[in-house]
1. Please find, among Ser135, Ser119, the residue that is part of a strand (DSSP E or B) and of a type in the set (Gly, Ala, Ser).
2. Quick check on region 16-61: of everything there that is polar (S, T, N, Q) and within 30 Å of Pro158 (Cα to Cα), which residue is surrounded by the most Cβ atoms within 10 Å (Cβ to Cβ)?
3. Looking at Val116 and the list (1) exposed (fewer than 15 other Cβ atoms within 10 Å of the Cβ); (2) touching a Ser or Thr at 6+ places or on another chain (Cβ under 8 Å); (3) in contact (Cβ under 8 Å) with a residue 60 or more places away in the chain, which single condition is not satisfied?
4. Please report, ordered by residue number, the helices (runs of 4 or more DSSP H) entirely within region 1-110 with at least 2 residues that are modelled with pLDDT of 85 or more and among the basic types (Lys, Arg).
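The values are calculated or read from the model by the stated rules, or taken from the named source; none is laboratory data. What you are looking at is a predicted structure, and each value in this text was computed from that prediction instead of being measured. In this analysis, Cβ positions are derived from the backbone assuming ideal geometry, glycine residues included, and neighbour counts consider all displayed protein chains.
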Amino acid sequence: MAPFCILREKMKRFYSWQQGFTLIELVVIILILGIMAAVVMPKFFNLGDYRTRAAYDEVAGAVRYAQKLAVASGCEVQVQISTSGYDLQQHSTSCTSGAFATITNHPVTSNTIAGVSISATPNSFIFDAMGRSSSAVTVNIDGDNFNVIAETGTVDAP
């Protein structure tokens, strides 16, 4: 029994200093994590998707605002959508006559959107005092679509 106790004591002393990682093991692990972060992380965080969704929400919100403004003011509101953004306009002299002029005091003031592709068919439409659209509209923002229903002026943006 004594030789067993001696062997056990020697084993305790031999393995007692081996707790944790060596410096080389830590450096290799940090190096592997750094390589994974550089290669894999951009695939998880694509800023283009966020930019597209932000542009989609902004344009849909601006079109909804134009429809609500037409109902609230009783005046026509024109929406123009181009490849660089959108523009909200009202008649400059009265509710039904005069040239359309850009509305400057709407909540969303940055109507230029960079980094995404925007198109609409047709690219210009008018909301009347009842909130109806002059035509059915499909707005495409980098492949994501929303529609404006002509009869009701509803902005169907999922």
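1. Unique residue meeting the criteria: Ser119.
2. Once the filter is applied, the top-ranked residue is Thr52.
3. Every listed condition holds for Val116 apart from (1).
4. Here the list reads 47-73.
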